[in-house]
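**Student:** Following this message is one structure expressed as structure tokens.
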Amino acid sequence: MTAGRNYNDELDDAKNSGNEKYAYSFDFDVLHPYMLKSFEPFFNKGSLLELGSYKGNFTKRFMPYFDDVTCVEASDVAIDEAKKNLGDKVKFINSLFEKANLPKRYDNIVLTHVLEHLDDPVLVLKRINDEWLAENGRFFLVCPNANAPSRQIAVKMGLISHNTAVTSAEAEHGHRCTYTLDTLERDAVAAGLRVVHRSGIFFKALANFQWDRLLQTDIISKDYLEGCYKLGQQYPDLCSSIFLMCERGGNSQNPACEVHDNFR
């Protein structure tokens, strides 16, 4: 991450000029539960490291599963809020991922909606693979999906230039790129990780602000939400978020990997 970045400002909706917020009710009330549902079958017993905990909303959902939870967060303001919500049940480390000095390896590592904020994502993924993930540990990686239908519709409306664009509002919130399944897996493999499972989380044709309005009504039922989740598993490239479950791999590769002659 760039030394001149202000991580508190990037999380603060009041200090950003764009209409797009950092976090929505859709994230907390819909996406987080379905992320957890996607992760749960792959959880290892033991410790959990969450990289980028924000104010601890998602962290709280892990606490019934793990007694040993550690969070690394760049924003001291976010950590203060998280401590108010979670108390002393979670260990917090206020640090950049690039500089964090962690005391051990972890059985489970979670990085959700954070990788797209990093200036050097492969560097951080390499630290996860080489330094922080236990021998049989599992790494849960989730990013917003450039090909989500809501985003593709915005492109057709002329609101976004192309699917993988970083809008000015996203840039103010610290986004550096917008991933697709193939580019996400590319970076994971370049860092040496072994991709074991790939999927999508929640089919999504409406923008977050539209979902937030719908969630205040009785139009959306639990059955409808469950249907969107199941459809997302069938069509991962049309989901709100894309999900890789990885394990430790061998040596990291050069991100600019040599292309096999048969595919030139």
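**Student:** So how do 84-90, 218-224 stack up, highest first, on mean other-Cβ count within 10 Å?
**Tutor:** Values: 84-90: 13.0, 218-224: 9.1.
Ranking the peptides 84-90, 218-224 by packing returns 84-90, 218-224.
**Student:** A follow-up question, please. So which lysines pass the test for K230, namely a Cα distance under 18 Å, with those fewer than 8 places away in the same chain ruled out?
**Tutor:** Candidates past the 8-residue exclusion: K37, K204, K222.
**Student:** If you don't mind, there's one more thing I want to ask. Report the calculated FRET efficiency for D68 and V196 (r = Cβ-Cβ distance, R0 = 22 Å), to the nearest 0.05. Present the calculation step by step, with values, prior to reporting the outcome.
**Tutor:** On the way: r = 23 Å, r/R0 = 1.04.
Result of the calculation: an efficiency of 0.45.
**Student:** Right, another one. Between Q234 and F28, what is the FRET efficiency for a Förster distance of 22 Å, r being their Cβ-Cβ separation, to the nearest 0.05?
**Tutor:** Details: r = 25 Å, r/R0 = 1.14.
Efficiency at R0 = 22 Å is approximately 0.30.
**Student:** With labels modelled as points extended 7 Å from the Cα through the Cβ direction, what inter-label distance (nm, one decimal) is found for K222 paired with N85?
**Tutor:** 2.3 nm
**Student:** Now for a different question. What distance in nm separates the simple spin-label points at A165 and E40, each placed 7 Å from Cα in the Cβ direction?
**Tutor:** 3.9 nm
**Student:** Per-residue counts of other Cβ atoms within 10 Å, averaged by peptide: what ranking do you get for 36-42, 170-176, 50-56, highest first?
**Tutor:** 50-56, 170-176, 36-42
**Student:** Just want to confirm a number: the relative contact order over the chain, from Cα pairs under 8 angstrom separated by 6+ residues, in percent. Walk me through the intermediate numbers first.
**Tutor:** Numbers: 465 pairs, mean separation 55.3, N = 264.
Result for the chain is 21 percent.
**Student:** Report, in whole Å, the centroid distance computed from the Cα atoms of the stretch 60-120 and the stretch 128-159.
**Tutor:** When both Cα centres are located, 18 Å separates them.
**Student:** Also, quick follow-up: Cα to Cα, under 17 Å, and not fewer than 8 places away if on the same chain: which lysines meet these conditions relative to K89?
**Tutor:** Hits, sequence-local ones excluded: K55, K60.
The numbers here are math on the coordinates, done by the rules we state, and not lab data. Fair warning: this is a prediction, and the values are worked out from it, not measured in the lab. Cβ sites come from the backbone with ideal geometry, for glycine too, and all protein chains shown count toward neighbours.
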